[in-house]
Amino acid sequence: MMRMRAGLLFLWLVLCAPAALAQAQAEGGAAAGYPITDGLAATVVGTPADLKAELPADLDFAVRTLEPLVERETPASLRYARPLQYLLVTQDEPAPLAFVIAGTGASALSSKCVLLSRALHEVGYSVACLPSPTSVPFMLGAAEHPVPGRMSADVEELYRLMGAVRDDLPETTEVTGYALTGWSLGATEAAFVAAHDAKVGTFDFSRVLLLNPAVSVWDSVRRMDALLERNLDGGIDGIPAFVARGLGGLRRIYSSGDSLRFNEDFLYRAYTSQSPDRADIAAIVGLAFRLALANMSFAADVLTQSDVIVPRNVELGPYDSMDPYIKRSFRMSFTDYIDELLLPYWNRDGRDLSRRRLIAEADLRHIEDFLARHEDIAVFANADDPILGDGDVSFLRSTFGSRARIRPHGGHLGNLGYRDTIAALQDFFSP
Amino acid sequence: MNGPARPIRRFAAQQRLLWATLVCLTLGACASTPPPRTIDADTPDRVPVVETTANPLAISDPFEGFNRRVYRFNALADRYVLMPAVQVYRTITPGFARTGVQNFFSNLGEINTFANSVLQAKPESSAVTLSRFVINSTVGLGGLFDPAGAIGLEQRDEDLGQTLGYYGVGAGPYLVLPFFGPSSLRDSIGLAGDQGLFYAIDPLQLDEHPWARLPYWTLYVINTRDTVNFRYYQTGSPFEYTLVRLVYMNYRALQVEQ
């Protein structure tokens, strides 16, 4: 399980990353601090191995399985997403439990879950990492409304999952209190969960940390749509050409005699030894989000039989080719998702939920007062995060004040594993 | 300078021809299915990129129904048999011992790498692999350690599938093999050939010690699973099968070219 990151990374890499590795240019200057000064590049490359925080490696992780929280038949094409799981690591002594909410499309077994669990465990927490409401296992096993994107509904379902996790903890685990964190969309959701909990009072979180949240979810995803539109020639139909170019880049690395190995540091070394084309990096970021969206759109469509991707009269068997639906899924932009799946779902019984309201609800400004008032909620962000606009960064700065840790560089989560970031995180959560 | 090189080159050319003939004879049958075009320097200009393996949906997969069944079977076998075994293995074996086991099997693998480097007439790769095998088998205590790597002899990666590819055999349709996972028709034949060679050479003399077979293969399987960085359904994507197919076919094409 510690190794799963490489598998994903590898897929991601060959699907898109190689295109980024074209000419030759090293990162300028040996300045201290996080070394990648381009937000998009940081998002793709992450933290170089020797700058990563050193964390205890041999933790006793348990992947725990929950009974589904909703009753539904599993469509054959989504069988793989069973069962509903979360990642748990516990302290031997009585300890507070930290919930971690995964980011867009991520499951509870994502590498960031492992990273954050290690960091939090080291400072005395038991940690439960939860799948994102936008991940297919969550949609299938935990979501009454399997069309994620309406913040109030997603938060309610997360809250219910957290309750189920609390009830599922092994009897030997004694919980003395609760804390909460999450990254990316999971961070935005964590803020809303905290606001909800302040009213309901089930967990009474002692500390809440938002790691690179989206301020306005729909503004952020529109930025990701735009990255693809602007930087991938021919749009989704341009993927083959993009992959071919990427393979060409890999071939050049090989033929230059550089025996680059596919390990966790591959991207960083490739980034520094080759010079990436900025548009290609932007396309990679856009494609990574598009892949997560395609997964989510497909699952939402199949679960609600919305007739947008898979025609209603088609019963997809477990071993059928999905080629026609892959294409359709990848063509869906976030805007298409709102218009063709999300809004029709909420308005299916004649209601009239407006687009504007849906968008306004999924914005941290919606709970600005709560965030400004609560001393135990903090945020980590990067000024060059491609999911944020300038207005978003200043909103975080003014709302959180001294509780905002905003670095100039790091992109979207690129510096999450960086030792200073982890040290600040551990500092925040320390008693 | 040029003098002595020429006969070697001629020898290499002859060997290539011999192999190409052999391969054409044995694989004649594959020629009837159009191979998926990989995207590389030999791809004819008239072939559009969308008809190559760079297009995830253009990869030849006539046995997709079968392949998807095997993929599912592998995922279940992984979840209920292999990974639990690996978990137990990790719990009872300290890290340095696991590294030793990994080195040991990796060292045995050099035999195949060497054979295929020779078959592809790659002198550098052959020399490096042979040196690695000799050094690691002796100084490295039967392959438990990797001193050759420490002095800069990096491990090469050749197998019969790549050798066939080197002599122009196309990958053929995509195949998913039980337990072994993603493959192609060509690579499956290569895998069988590599295993056959290993049996024929029998470097551990398992023939004379049949009792050692079960522990050997058990450890072999567990070690292999322990070292492969892949978890089924970890991508979280309903399209994982297609993504893996894309990665496999293109990664192999790159390896063949190397």
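The values are calculated or read from the model by the stated rules, or taken from the named source; none is laboratory data. Please read these numbers as outputs of a predicted model, since none were measured by experiment. Cβ atoms come from the backbone with ideal geometry, glycine included; neighbour counts cover every protein chain shown.
Of the residues A:40, A:21, A:15, which is more than 28 Å from residue A:88 (Cβ to Cβ), of a type outside the set (S, T, N, Q), assigned by TED's automatic domain parsing to the domain that holds residue A:265 and at pLDDT 90 or above?
Every option except A:40 fails the conditions.
Quick check: is even one residue across the range B:147-154 buried (at least 17 other Cβ atoms within 10 Å of the Cβ) and charged (D, E, K, R)?
No, because not a single residue in the range B:147-154 is buried (at least 17 other Cβ atoms within 10 Å of the Cβ) and charged (D, E, K, R).
Report every pair of residues separated by at least 6 positions or lying on different chains whose Cβ atoms are under 6 Å apart, first residue within the range A:243-270 and farther than 13 Å from residue B:255 by Cα and within 11 Å of chain B (Cβ to nearest Cβ), second modelled with pLDDT of 75 or more and surrounded by 15 or more Cβ atoms within 10 Å (Cβ to Cβ).
A:243/B:54; A:244/B:49; A:244/B:54
I need a count of the residues in the range A:311-340 that are at the interface with another protein chain (Cβ under 8 Å from one of its Cβ atoms), of a type in the set (S, T, N, Q) and in a helix (DSSP H, G or I).
Count: 1.
Can you give me the number of residues within the range B:94-140 that are of a type in the set (Ser, Thr, Tyr), crowded, with 16+ Cβ neighbours inside 10 Å and over 17 Å from residue B:228 (Cβ atoms)?
Here the count works out to 6.
In the range B:211-258, which residues are at the interface with chain A (Cβ under 7 Å from one of its Cβ atoms), in a helix (DSSP H, G or I) and farther than 30 Å from residue A:87 by Cα?
Those that are at the interface with chain A (Cβ under 7 Å from one of its Cβ atoms), in a helix (DSSP H, G or I) and farther than 30 Å from residue A:87 by Cα: B:250, B:251, B:254, B:257.
For the range B:154-210: of the residues being of a type in the set (Ser, Thr, Tyr) and assigned to a helix (DSSP H, G or I), which is nearest to residue B:119 (Cα to Cα)?
The selected residue is B:163.
Can residue A:392 be described as within 30 Å of residue A:234 (Cα to Cα), charged (D, E, K, R) and in contact (Cβ under 8 Å) with a residue 24 or more places away in the chain?
In short, no.
Just wondering, is there one or more residues in the range A:113-123 that are at negative phi, touching an Asp or Glu at 6+ places or on another chain (Cβ under 9 Å) and not hydrophobic (A, V, I, L, M, F, W, C)?
no
Can you find a residue that is of a type in the set (Ser, Thr, Tyr), out of contact with any strand residue (DSSP E or B) (no Cβ under 6 Å at 6 or more places or on another chain) and in the same structural domain as residue A:339 (by TED's automatic domain parsing) anywhere in the range A:274-284?
no
Hey, among B:151, B:189, B:201, which residue is at pLDDT 95 or above and farther than 18 Å from residue B:37 by Cβ?
Of B:151, B:189, B:201, the one residue that is at pLDDT 95 or above and farther than 18 Å from residue B:37 by Cβ is B:189.
If a residue has to be at the interface with chain A (Cβ under 8 Å from one of its Cβ atoms) and buried (at least 23 other Cβ atoms within 10 Å of the Cβ) to count, how many in the range B:37-60 make the cut?
Qualifying residue count for the region: 3.
Residues of the range A:347-359 being within 24 Å of the chain's Cα centre (by Cα) and closer than 19 Å to residue A:304 by Cβ, which ones?
Within the range A:347-359, A:355, A:358 qualify.
State which residue is nearest to residue A:62 (Cα to Cα) when the search covers only the range B:65-76 and only residues that are surrounded by 15 or more Cβ atoms within 10 Å (Cβ to Cβ) and in contact (Cβ under 8 Å) with a residue 24 or more places away in the chain.
B:75
Looking at the range A:219-232, I want the residues that are under 21 Å from residue A:364 (Cβ atoms) and have a partner that is polar (S, T, N, Q) with Cβ atoms under 8 Å, at least 6 apart or on another chain. Which pairs are those?
A:222/A:335; A:225/A:333; A:225/A:335
Restricting to the range A:174-191, name every residue that is farther than 14 Å from residue A:130 by Cβ and either hydrophobic (A, V, I, L, M, F, W, C) or at pLDDT below 95 (or both).
Within the range A:174-191, A:175, A:191 meet the criteria.
So residue A:199 ticks every box in (1) surrounded by fewer than 24 Cβ atoms within 10 Å (Cβ to Cβ); (2) touching a strand residue (DSSP E or B) at 6+ places or on another chain (Cβ under 8 Å) but one. Which box is left unticked?
Against the list (1) surrounded by fewer than 24 Cβ atoms within 10 Å (Cβ to Cβ); (2) touching a strand residue (DSSP E or B) at 6+ places or on another chain (Cβ under 8 Å), residue A:199 comes up short only on (2).
Tell me, please, whether a residue that is among the small types (Gly, Ala, Ser), exposed (fewer than 15 other Cβ atoms within 10 Å of the Cβ) and under 25 Å from residue A:213 (Cβ atoms) can be found in the range A:96-113.
no
Got at least one residue in the range B:232-243 being small (Gly, Ala, Ser), more than 30 Å from residue A:76 (Cβ to Cβ) and free of Cβ contacts under 8 Å to residues at least 12 places away in the same chain?
no
Give the residue that is farthest from the other protein chains (Cβ to nearest Cβ), with candidates limited to residues of the range B:61-75 that are closer than 21 Å to residue B:253 by Cα and assigned to a helix (DSSP H, G or I).
Taking the candidates together, the pick is B:67.
Tell me, please, whether a residue that is part of a loop (DSSP other than H, G, I, E, B), within 13 Å of another protein chain (Cβ to nearest Cβ), closer than 25 Å to residue A:425 by Cα and modelled with pLDDT under 95 can be found in the range A:109-126.
yes
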